[in-house]
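The values are calculated or read from the model by the stated rules, or taken from the named source; none is laboratory data. Given the structure is predicted, the values throughout are model-derived calculations rather than measurements. Cβ coordinates were reconstructed from backbone atoms using ideal geometry, including for glycine residues, and neighbour counts include every protein chain displayed.
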Amino acid sequence: MSDTPAPAANGNGARKRGLLILATVVALGAIGYTTYWLTVGRYYESTDDAYVASDIVQITSEVSGAVLGVHVDDTQSVERGQVLVELDPADANIAVSAAEAELARTVRQVRALYSQADQLRAQIAERQTDLNKSQNDYARRQALVADGAVSGEELAHAQDTIAQTRASLQAAQRQLDATLAQIEGTTLEDHPNVLAAAAQLRDASLALRRTTIRSPVSGTIAKRGVQLGQHVNPGAPLLAVVPLDDVWIDANFKESQLKSVRVGQPVTVHADIYGKDVEYKGAVAGLAAGSGSAFALLPAQNASGNWIKIVQRVPVRITLDPEQLKQNPLRVGLSMHAEIEVRDTSGPLVASQVRNTPQPVQKSVGEDTGIEQRIAEIIHQNATANSAVASSPRNTRGATVASIDSAGVRASR
């Protein structure tokens, strides 16, 4: 009976040693994890709720017309300024021709106003001379009335002539005032009518240039819906251009993870499309102004009795290295894994500039030196009467002179 307790004691000792070893391993693991958390882990925040985003430049038409040419297709890369779509320019060409004719006609009308003013000044001077002459004649006849050399009827006629001449002078003066009201303080080039006609020509020329639709940025074509022969209206979406060289990451972090997140902190990003083999280096560009639910189409109404607290997520924008994007390009909407190192909290909470390289300013379609030269040319051609008549192929006066000369030559023969 003294030999039976020994196996039980040996079994309890082995079990105790196993539990001790397990406790030691757990303790060491806890110590190691605590050490890791205190030295490394607490300085990182990560999420899988992250996706690639980019500008999606919608290409629309600013004028209506039939599509004559579509020079790009989906997935095709384009450069800034490359022609994408061409519309039928027939109507725009007609409008430009009509605007040019209207400008020429307006210049001639305004030139006629200046000539009319000169003509009225000459008429006023002539009628003033007639008035002075009539007054002198009346004074001479009035002096001869007493001698009987001039009858009363003749004197009355002289007085009527003075009144008629004075009325003609006043009418000419009013006409001159009305004409001067249209041209006073202006020249032919800056007359309001000429400026309005020139503006119409610029508008017609602008519509003509807008029949050729160019890409405002470099990128990849997406969502092409325009078809050859289709009639498009202003504002109708034709296609989209996505600049894939300037994409970013929208990482949705929990609100509890954003305590130490600051602008400028380094970020390590992995894309599901490439796996762990490709690692992107980025930086926090800024935090959104609100959570995703705050900007939802139908925001949540929490002022109800059945309220349940839900952890909100706030989008954090992460910029990427352009050189890495060239080597391993990303596409809009791809899933990403983002990990922010929050060790350095000296950065600002609000971003002052999000983009590393701001979008280039597009040149306005209205900035065209060619149309300005064309306007100046039309004004110059129609501004001078002598040069316009001399250069006209339908110079009837020149044809008449030529006919008289030829007739004289035939008569001499």
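Results for (1) farther than 26 Å from GLN257 by Cα; (2) in contact (Cβ under 8 Å) with a residue 40 or more places away in the chain, shown as yes or no for each residue.
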| position | (1), (2) |
| --- | --- |
| ALA294 | no, no |
| PRO299 | no, no |
| TRP307 | no, no |
| ARG313 | no, yes |
| ILE318 | no, yes |
| PRO322 | yes, yes |
| ASN328 | yes, yes |
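A quick yes/no check of all residues on (1) modelled with pLDDT of 90 or more; (2) over 22 Å from TYR43 (Cα atoms):
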{"site": "LEU208", "(1), (2)": "yes, yes"}
{"site": "SER218", "(1), (2)": "yes, yes"}
{"site": "ALA240", "(1), (2)": "yes, yes"}
{"site": "LEU244", "(1), (2)": "yes, yes"}
{"site": "ALA294", "(1), (2)": "no, yes"}
{"site": "VAL311", "(1), (2)": "no, no"}
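Entry remark, the stretch 224-243: residues being under 22 Å from the mean Cα position of the chain (by Cα) and farther than 12 Å from LEU84 by Cβ number 8 in total. Is it fair to say VAL72 is touching a residue at least 24 places away in the same chain (Cβ under 8 Å), assigned to a loop (DSSP other than H, G, I, E, B), of a type in the set (A, V, I, L, M, F, W, C) and more than 30 Å from PRO192 (Cα to Cα)? Considered against the rule, which asks whether it is touching a residue at least 24 places away in the same chain (Cβ under 8 Å), assigned to a loop (DSSP other than H, G, I, E, B), of a type in the set (A, V, I, L, M, F, W, C) and more than 30 Å from PRO192 (Cα to Cα), VAL72 comes out as yes.
Note on the stretch 137-194: residues that are among the hydroxyl-bearing types (Ser, Thr, Tyr) and at pLDDT below 75 amount to 3. Can you confirm whether the stretch 250-258 contains a residue that is touching a strand residue (DSSP E or B) at 6+ places or on another chain (Cβ under 9 Å) and surrounded by fewer than 12 Cβ atoms within 10 Å (Cβ to Cβ)? Within the stretch 250-258, one or more residues are touching a strand residue (DSSP E or B) at 6+ places or on another chain (Cβ under 9 Å) and surrounded by fewer than 12 Cβ atoms within 10 Å (Cβ to Cβ). Tallying residues that are under 29 Å from ALA283 (Cβ atoms) and either of a type outside the set (S, T, N, Q) or modelled with pLDDT under 90 (or both) within the stretch 34-77 yields 20.
Scanning the stretch 263-274 for residues that are surrounded by fewer than 17 Cβ atoms within 10 Å (Cβ to Cβ) and at negative phi yields a count of 5. Of all the numbered requirements in (1) out of contact with any strand residue (DSSP E or B) (no Cβ under 7 Å at 6 or more places or on another chain); (2) more than 30 Å from ALA98 (Cα to Cα); (3) surrounded by fewer than 17 Cβ atoms within 10 Å (Cβ to Cβ), ALA178 misses one, and that requirement is (2). Of the residues making up the stretch 51-60, none is part of a loop (DSSP other than H, G, I, E, B) and over 30 Å from ALA288 (Cα atoms). When residues in the stretch 283-292 are screened for being closer than 22 Å to LEU325 by Cβ, touching a residue at least 40 places away in the same chain (Cβ under 8 Å) and of a type in the set (Gly, Ala, Ser), 2 of them pass.
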